[in-house]
1. Report whether or not L215 is closer than 20 Å to P130 by Cβ and either assigned to a helix (DSSP H, G or I) or out of contact with any strand residue (DSSP E or B) (no Cβ under 6 Å at 6 or more places or on another chain) (or both).
2. Consider L74 carefully, then state whether it is crowded, with 17+ Cβ neighbours inside 10 Å, modelled with pLDDT of 85 or more and of a type outside the set (K, R).
3. How many of the residues in the stretch 85-118 are part of a helix (DSSP H, G or I), of a type outside the set (G, A, S) and more than 13 Å from V136 (Cα to Cα)?
4. Pull up the stretch 114-137, narrow it to residues that are modelled with pLDDT of 85 or more and over 25 Å from P195 (Cα atoms), then point me to the one that is surrounded by the most Cβ atoms within 10 Å (Cβ to Cβ).
5. Only one of A183, A178, A201 is part of a helix (DSSP H, G or I) and modelled with pLDDT of 90 or more; which?
6. If you scan the stretch 149-163, which residues turn out to be within 29 Å of the chain's Cα centre (by Cα) and either surrounded by fewer than 13 Cβ atoms within 10 Å (Cβ to Cβ) or among the β-branched types (V, I, T) (or both)?
7. Among the numbered conditions (1) surrounded by fewer than 17 Cβ atoms within 10 Å (Cβ to Cβ); (2) small (G, A, S); (3) over 24 Å from S69 (Cα atoms), tell me where A143 comes up short.
8. Given the options R142, R129, name the one that is assigned to a helix (DSSP H, G or I), in contact with a helix residue (DSSP H, G or I) (Cβ under 9 Å, 6 or more places away or on another chain) and among the charged types (D, E, K, R).
Amino acid sequence: RLLAGEPLAPGERHLLVCAHGVRSHAAAEMLRARGVTRVYSLSGGIAAFAAHIGDASLRGRELWIAMTSRPDLLAIDMKRQGRFGLSIPLFPAQNADEVLELFTVIARVQRVKLTSAMKQQLRSRIGDRPLTGSDVESILIRARERAVLDRRDDRIQIGDFEEAIDSFVDPLDPNLLALQELAAVLSCSDRRYLPARYRDAERAALVDEFHRRKLQLARR
């Protein structure tokens, strides 16, 4: 946000992180001087944090969960053996049953009732199209918006659902998504968590494909 020229709200909390905590501390002091009081710096930076989570005496006493869409960009200190005991990749829904399950769970959270007709539309119009949670949430929000604009509040009908599905376009670059998926596969520490198509794949071929896509994106 700072690079984009957007001001930081004084009441928001901000945590600054760098390699060893020196630059983040200086940046935090600069922001405090500008009136942003709730700003913090990670003491010792990524190096100190990595050493902490790698401390064997803390095993079983602390649980750390780190999530990223680009594990290949994590600092090397975070990847060393013992820092994170298990690396589990997360993937979009892999088949029609998983797509339906994803919709069912997120619809329940958003308090949207999926009728049998809506579920049938999911199978016929989406099938096994790989969707993420954010994709599903976007479709459900569009359906709800259509109902609200038609003054039906949250009473979503099959027509709302059909239009939301048909109008949905994934805004992300397919090549970037493929790169993120390969990064997740290569960072996985247990093949049991990989989809079948990757479970027995030759690692060298996956590494080559990852670098090919990374180079392709860099040339744009």
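The values are calculated or read from the model by the stated rules, or taken from the named source; none is laboratory data. Just so it is clear, the model here is predicted, and its values are computed rather than measured. Every residue, glycine as well, gets a Cβ built from its backbone with ideal geometry; the counts of neighbours run over all protein chains shown.
1. Details: closer than 20 Å to P130 by Cβ: no; either assigned to a helix (DSSP H, G or I) or out of contact with any strand residue (DSSP E or B) (no Cβ under 6 Å at 6 or more places or on another chain) (or both): yes.
Considered against the rule, which asks whether it is closer than 20 Å to P130 by Cβ and either assigned to a helix (DSSP H, G or I) or out of contact with any strand residue (DSSP E or B) (no Cβ under 6 Å at 6 or more places or on another chain) (or both), L215 comes out as no.
2. Values: crowded, with 17+ Cβ neighbours inside 10 Å: yes; modelled with pLDDT of 85 or more: no; of a type outside the set (K, R): yes.
In short, no.
3. The initial filter retains those residues of the stretch 85-118 that are part of a helix (DSSP H, G or I), namely 96-109, 116-118.
Going one step further and asking which of them are of a type outside the set (G, A, S), we end up with 97-106, 108-109, 118.
Adding the requirement that they be more than 13 Å from V136 (Cα to Cα) leaves 97, 118.
Residues flagged as part of a helix (DSSP H, G or I), of a type outside the set (G, A, S) and more than 13 Å from V136 (Cα to Cα) within the stretch 85-118 amount to 2.
4. Taking the candidates together, the pick is M118.
5. Values: A178 fails: modelled with pLDDT of 90 or more; A201 fails: part of a helix (DSSP H, G or I).
Being part of a helix (DSSP H, G or I) and modelled with pLDDT of 90 or more holds for just one of A183, A178, A201, which is A183.
6. Here is the first cut: in the stretch 149-163, the ones within 29 Å of the chain's Cα centre (by Cα) are 154, 156, 160-163.
Once the filter is applied, which keeps residues that are within 29 Å of the chain's Cα centre (by Cα) and either surrounded by fewer than 13 Cβ atoms within 10 Å (Cβ to Cβ) or among the β-branched types (V, I, T) (or both), the stretch 149-163 yields D154, I156.
7. Of everything listed in (1) surrounded by fewer than 17 Cβ atoms within 10 Å (Cβ to Cβ); (2) small (G, A, S); (3) over 24 Å from S69 (Cα atoms), A143 misses just condition (1).
8. Details: R129 fails: assigned to a helix (DSSP H, G or I).
Residue meeting the stated conditions: R142.
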